[in-house]
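In what follows, a structure is listed as structure tokens, so that the remarks can point back to it.
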Amino acid sequence: MLINTVVLFLRDLLPLFIFICYLKATLESQVFTLKYQLISVVFGILVAALLFIIAEPLSEFFEGRGSELTKVLLLIIFYLSMLVVSIKSELPSLFKKLVPSTLVAKIAAVSFVSLIAVNGSSFLIFLDVYLQLNMSPLDASIADNQALNVVIGFVVGLGICVSFSVLFLFILRELKQLNKLWLVKTGLFLFIAGQFSYIVSQLTQIDMLSAGYPVVNFSQYIQDSSEYGHILHALIGFETSPSFNFLLVYFISFLLPILLLNTLRFRLQSQNKIAPQYKEDL
């Protein structure tokens, strides 16, 4: 039970720690301040708890698809919010009046709240089901022992997440100081794509997408259930046997911000070249 609790932490909560590291590394501290971080965490936990509490009645909406469609909507909000934040942080002169720096922090907070809601509610639901299956018909001494294992699992899982995030944030900031920001951005886009691709499994559960066959199989090299599998899944959304739909969504969501950034950067450079020439002609 202790190990399973730690696994739940690595699967559902480690991505949240990784995401806050990316936000702290890519956004200026004056923009995404500690106040916004704390507000995001509090609101995210509240939304996750609400989704957990109303899971049963919510699932009855939209012909039994309510819970999955809610998570899909939250993931779309997460992706679009980070798309705006990524473009604005990379090209600050773009949409200067439409998206001021103060609004960037709020949009980043919305994306963080959405991700906490999705992963946090999944964590609570799986933990609740697991506890019901393993602790219901037990005598008092066994139940106390199992409860102690869950508490220890919480402490160990939280310790792993915090330790990993401290080391990961240090690496991101070192890369930024070494003028390797493109590596940080690439990692961020891979992370966003990995989290957004979770919509494939949600849509598959409600038969809006076919499960399909695995395109490749990495199980001989690494297992989803292994430590490396959990870490890679949290970092880049790694799947041992990804389907075609998963890979399609993954690569489109990864390439879209890169293509948008390059296109907008090219247009800005063109406008900056044309403007001085226009002034000389006048």
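List of remarks:
- Within the stretch 228-260, being open to solvent by 40 Å² or more (accessible area, probe 1.4 Å) and of a type outside the set (A, V, I, L, M, F, W, C) holds for Y228, H233, E239, S241.
- Within the stretch 55-86, the set of residues being in contact with a helix residue (DSSP H, G or I) (Cβ under 6 Å, 6 or more places away or on another chain), in contact (Cβ under 8 Å) with a residue 24 or more places away in the chain and β-branched (V, I, T) comprises V72, I77, V85.
- The lone exception for L34 - which of (1) closer than 23 Å to I258 by Cα; (2) open to solvent by 70 Å² or more (accessible area, probe 1.4 Å) it fails: (1)
- Matching option when the condition is open to solvent by 70 Å² or more (accessible area, probe 1.4 Å) and within 16 Å of the chain's Cα centre (by Cα), among Y221, Y198: Y198
- Residue within the stretch 78-85 that is modelled with pLDDT of 95 or more, within 18 Å of the chain's Cα centre (by Cα) and either closer than 30 Å to A147 by Cβ or open to solvent by less than 70 Å² (accessible area, probe 1.4 Å) (or both) present: yes
- When I45, I53 are screened for being modelled with pLDDT of 85 or more and either under 26 Å from I231 (Cα atoms) or among the aromatic types (F, W, Y) (or both), only I45 passes.
- Any chance F52 is in contact (Cβ under 8 Å) with a residue 24 or more places away in the chain, open to solvent by 50 Å² or more (accessible area, probe 1.4 Å), in contact with an Asp or Glu (Cβ under 8 Å, 6 or more places away or on another chain) and not hydroxyl-bearing (S, T, Y): yes
- Residue pairs whose Cβ atoms lie under 9 Å apart, sitting 6 or more positions apart in sequence or on different chains, and linking a residue in the stretch 18-38 that is at negative phi to a partner that is among the basic types (K, R) and surrounded by 13 or more Cβ atoms within 10 Å (Cβ to Cβ), are K24/R173; A25/R173; A25/K176; T26/K176; T26/K185; F32/K24; Y36/K106; Q37/K24.
- Subset tally (residues that are open to solvent by 80 Å² or more (accessible area, probe 1.4 Å) and at pLDDT 65 or above) for the stretch 94-144: 5
- Restricting the stretch 172-207 to residues that are in contact (Cβ under 8 Å) with a residue 24 or more places away in the chain and outside any helix (DSSP H, G or I), the residue that is farthest from F78 (Cα to Cα) is I206.
- Tally, over the stretch 163-191, of residues that are of a type in the set (F, W, Y) and touching a helix residue (DSSP H, G or I) at 6+ places or on another chain (Cβ under 8 Å): 4
The values are calculated or read from the model by the stated rules, or taken from the named source; none is laboratory data. Keep in mind it's a predicted model, so treat the numbers as computed, not measured. Quick reminder, even Gly has a Cβ in these numbers, built from the backbone with ideal geometry, and neighbours come from all protein chains shown. All accessible areas refer to the heavy atoms of the entire protein, side chains included, with ligands and DNA or RNA removed. Shrake-Rupley method; radii C 1.70, N 1.55, O 1.52, S 1.80 Å.
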